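Contents: one structure, followed by commentary.
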Amino acid sequence: MKLRYATTSPFARKVRVAAIELGLAERIELVLTDPWTAADLRGSNPLAKVPVLELPDGVALYDSPVICEFLDSYAVAEGLRSEAGRIFPQRGPQRWRSLRRQALGDGLAEAVIRRFVELRRPDGQRSDAVIARQEAAIAAALDVLEQEAASLFETPSIGEIAIACALGYYDFRHPEAGWRGGRPDLARWFAVFDARPAMQATRPPLA
């Protein structure tokens, strides 16, 4: 299997963290890909986005929720994980809670990306309304996560992985943001989760 990824993408990082946690890292070839310049990327993903997982039979999977769930099922099929050890719970309230948290983490990352892109636009092209909308989404997501921090696991399901990658991306793009202020429970949870080897191994470069 080949994973086309970008080092700064929080969604590609989510896939890489999931692969490491599932014991699949050595079975995946990492292919560093710039989605803006890789002319062949659209052959794997018509949207020309990363991550993309290219399988040996020629099938390409995208985007990160699909890839992560495939890897979860693959790890079970290969005997690397038991049903109880899946990062995607298969039934009941725990499954829907985990999927909702994945959606919240992915949405937080998307809002950070959109804010970052908008802030980089030249004067006269920048939309204050877009920036304000993304900042409101970021703050609301962080506040919900603070309320739920006590029930976040230190061992990963896909929800925790998505949330941690989004928080890491926010730190990466906006280290001055100070989101930990007033959110002590979320900050404590993230400090523990961020120390996991899978998170350490996938940190985006500082420059």
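The values are calculated or read from the model by the stated rules, or taken from the named source; none is laboratory data. None of the values given here were measured: they were computed from a predicted structure. Note: ideal-geometry Cβ built from the backbone for every residue, glycine included; neighbour counts use all protein chains shown.
Let's see how each residue does on (1) buried (at least 17 other Cβ atoms within 10 Å of the Cβ); (2) among the small types (Gly, Ala, Ser); (3) under 19 Å from Ala109 (Cα atoms):
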| residue | (1), (2), (3) |
| --- | --- |
| Leu22 | yes, no, no |
| Glu29 | no, no, no |
| Pro35 | yes, no, yes |
| Ala38 | yes, yes, no |
Please tell me if Tyr74 is over 17 Å from the mean Cα position of the chain (by Cα), among the hydroxyl-bearing types (Ser, Thr, Tyr), surrounded by 13 or more Cβ atoms within 10 Å (Cβ to Cβ) and closer than 17 Å to Ile158 by Cβ.
yes
Checked segment 113-131 for anything closer than 20 Å to Tyr169 by Cβ and assigned to a helix (DSSP H, G or I); matches are Ile113, Arg114, Arg115, Phe116, Val117, Glu118, Leu119, Val130, Ile131
Picking from Asp123, Asp128, the residue that is surrounded by fewer than 12 Cβ atoms within 10 Å (Cβ to Cβ), modelled with pLDDT of 95 or more and either out of contact with any helix residue (DSSP H, G or I) (no Cβ under 6 Å at 6 or more places or on another chain) or over 17 Å from Trp179 (Cα atoms) (or both) would be Asp128
Sole miss for Ser44 among (1) within 20 Å of Ala198 (Cα to Cα); (2) buried (at least 19 other Cβ atoms within 10 Å of the Cβ); (3) more than 18 Å from the chain's Cα centre (by Cα) is condition (1)
Here the qualifying pairs (Cβ atoms under 7 Å; residues six or more apart or on different chains; first in segment 41-65 and under 13 Å from Ala6 (Cα atoms) and outside the structural domain of Glu110 (by TED's automatic domain parsing); second of a type in the set (S, T, N, Q) and part of a loop (DSSP other than H, G, I, E, B)) come out as Leu41/Thr33; Val50/Ser9; Val50/Thr33; Pro51/Ser9; Val52/Asn45
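So, in segment 120-139, exactly how many residues are without any contact (Cβ under 8 Å) to a residue 12 or more places away in the chain and either among the aliphatic types (A, V, I, L, M) or not assigned by TED's automatic domain parsing to the domain that holds Ala177 (or both)?
Of segment 120-139, the ones without any contact (Cβ under 8 Å) to a residue 12 or more places away in the chain are 120-129, 132-133, 136, 139.
When the remaining residues are screened for being either among the aliphatic types (A, V, I, L, M) or not assigned by TED's automatic domain parsing to the domain that holds Ala177 (or both), the result is 129, 132, 136, 139.
So the count comes out to 4.
If you scan segment 26-73, which residues turn out to be of a type in the set (Lys, Arg) and not in a helix (DSSP H, G or I)? Write out each step before concluding.
So the first thing to find is which residues in segment 26-73 are of a type in the set (Lys, Arg), and the list is 27, 42, 49.
Within segment 26-73, Lys49 is the sole residue that qualifies.
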Within segment 77-112, residues surrounded by 14 or more Cβ atoms within 10 Å (Cβ to Cβ), charged (D, E, K, R) and part of a helix (DSSP H, G or I) come out as Arg95, Arg97, Arg101, Asp106, Glu110
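Condition test on Glu176, is it surrounded by fewer than 17 Cβ atoms within 10 Å (Cβ to Cβ) and in a helix (DSSP H, G or I)?
On the way: surrounded by fewer than 17 Cβ atoms within 10 Å (Cβ to Cβ): yes; in a helix (DSSP H, G or I): no.
Against the criterion (surrounded by fewer than 17 Cβ atoms within 10 Å (Cβ to Cβ) and in a helix (DSSP H, G or I)), Glu176 does not qualify.
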- prompt: Can you spot a residue in segment 183-205 that is out of contact with any Phe, Trp or Tyr (no Cβ under 8 Å at 6 or more places or on another chain), outside the structural domain of Ala75 (by TED's automatic domain parsing), on the phi < 0 side of the Ramachandran plot and modelled with pLDDT under 95?
  reply: yes
